[in-house]
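Asker: Quick one: the structure is below, and I'll ask about it shortly.
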Amino acid sequence: MNNRLKVLRAERDWSQADLAERLDVSRQSVNAIETGRYDPSLPLAFRIARLFDLPIEAIFTTD
Amino acid sequence: MEIGTKRPAMRAYSRRVLIASIAYALLLFGATYALKHWAVALPVRILIALLPGLAIVAIFVALGRYLVEETDEYLRARMVRQMLWATGGTLSAATVYGFLDVFEAAPRLPLYSVAILWFFCLGVAGAVLRLRGA
C-alpha cells in the first residue's frame, strides 16, 4: 500500500517523533509506515485518519 | 536489541532480563559449588540442578511478557519476526547436529546449548533485520 503520511506530516511541520508521540507509537513505527515497510493495522489506520481529520482512503491507497 | 529502548514495555523487559541474568549467574555458581563440595541426596541434587535452568526460563517468560505488554504493533511484529528466525535457525542447527551426534561425527553437547544457540540466533536475526531495514 501507499500512503501520504510524510506529506501530511510535513504540512503540519511535525517530525517523525512528533507524529509518533501523537499516535502513541514508536518513531520506528512511523518511519516503517512512511517508507512502506509496514502496513498499519485497521485500528492504527483509523487513529491516523482521526489525527489528520481525513478519511482513511485519503491517506492510504492500494498499489 | 535496539527496539524502542525508551518504551515502558522494553524498560520492563530489560529490567526482568537483568534480574534473571544475575539470578542465573548466582544460581549457577551456587549450584556448581554446592554439588562439588557437598554430598547431597538425589532429590536435593535435582532441586539444586534445576535452579539455573529456571533462571533462563525466566528470560523466556520476560520475552513473552514483552510481546504482551508492547503496545506498538510494529515493534511487536519485528520482535516476533526476530523470534521466528531464531527458532528456525536453532531448530535447524539442533536437528543437524543431533544427527552428527547420533552417528558420532561430532562431540556431544549439553542440552542447554540449545538455549544459548537460540539467544545467539535472536541477536543475529535482530542485526540482519535491522540491516535489511525490516
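We did not get these values from a lab; they are worked out from the coordinates using the rules stated. Please read these numbers as outputs of a predicted model, since none were measured by experiment. Every residue, glycine among them, receives a Cβ derived from its backbone with ideal geometry; neighbour counts consider all protein chains shown.
Asker: Taking the number of other C-beta atoms within 10 Å as the exposure measure, put B:Arg16, A:Arg12 in order starting with the fewest.
Answerer: With the fewest neighbours first, B:Arg16, A:Arg12 line up as A:Arg12, B:Arg16.
Asker: Let me ask something else. Within a 10 angstrom radius of each residue's Cβ in A:29-38, how many Cβ atoms of other chains show up on average? Whole number is fine.
Answerer: On the way: counts 8, 1, 2, 6, 1, 0, 1, 0, 5, 5.
The shielding value for this peptide is 3.
Asker: Mind checking which of B:Ala62, B:Pro43, B:Tyr74 is farthest towards the positive end of the range B:1-96's charge dipole, using Cβ charges of +1 (Lys, Arg) and -1 (Asp, Glu) about the Cα centre?
Answerer: The one lying farthest along the dipole's positive direction is B:Pro43.
Asker: What average number of partner chain Cβ atoms lie no more than 10 Å from the Cβ of the residues making up B:68-74?
Answerer: Whole-number average of other-chain Cβ neighbours for B:68-74 is 5.
Asker: What net charge is computed for the residues neighbouring B:Ala86, neighbours being all others with C-beta under 15 Å from the C-beta of B:Ala86, Lys and Arg scored +1, Asp and Glu -1? Show your work: numbers first, answer last.
Answerer: Details: positive: B:Arg78, B:Arg81, B:Arg130; negative: none.
Its environment carries a net charge of +3.
Asker: Can you give the percent of C-alpha pairs in chain B whose distance is more than 17 Å?
Answerer: Working: 5995 of 8911 pairs.
That tail contains 67 percent of the Cα-Cα pairs.
Asker: Using only atoms on other chains, find how many Cβ atoms lie within 10 Å of each Cβ of peptide A:41-50 and report the average. Write out the running numbers ahead of the final one.
Answerer: Details: counts 3, 0, 1, 3, 0, 0, 0, 0, 0, 0.
Per residue, the number of nearby Cβ atoms from other chains is 1 on average.
Asker: Starting from the Cα of B:Ala49, move 7 Å in the Cα-to-Cβ direction to define the label point; list residues of the range B:114-129 whose amide nitrogen is under 14 Å from there.
Answerer: Counting backbone N atoms under 14 Å from the label point, the list is empty.
Asker: Which translational diffusion coefficient, to the nearest whole µm²/s, is obtained for the protein assembly as shown from the Stokes-Einstein equation, given a Kirkwood hydrodynamic radius over C-alpha pairs, 10 °C and 1.306 mPa s? Walk me through the intermediate numbers first.
Answerer: Values: Rh = 20.0 Å.
So the translational diffusion coefficient is about 79 µm²/s.
Asker: Helix-derived [θ] at 222 nm for the protein assembly as shown: sum -39500 (n - 2.57) over DSSP H runs of at least 4, divide by residue count, nearest 500? Don't skip to the end; give the middle numbers.
Answerer: Details: 9 runs with 145 residues, N = 197.
Computed mean residue ellipticity for the protein assembly as shown: -24500 deg cm²/dmol.
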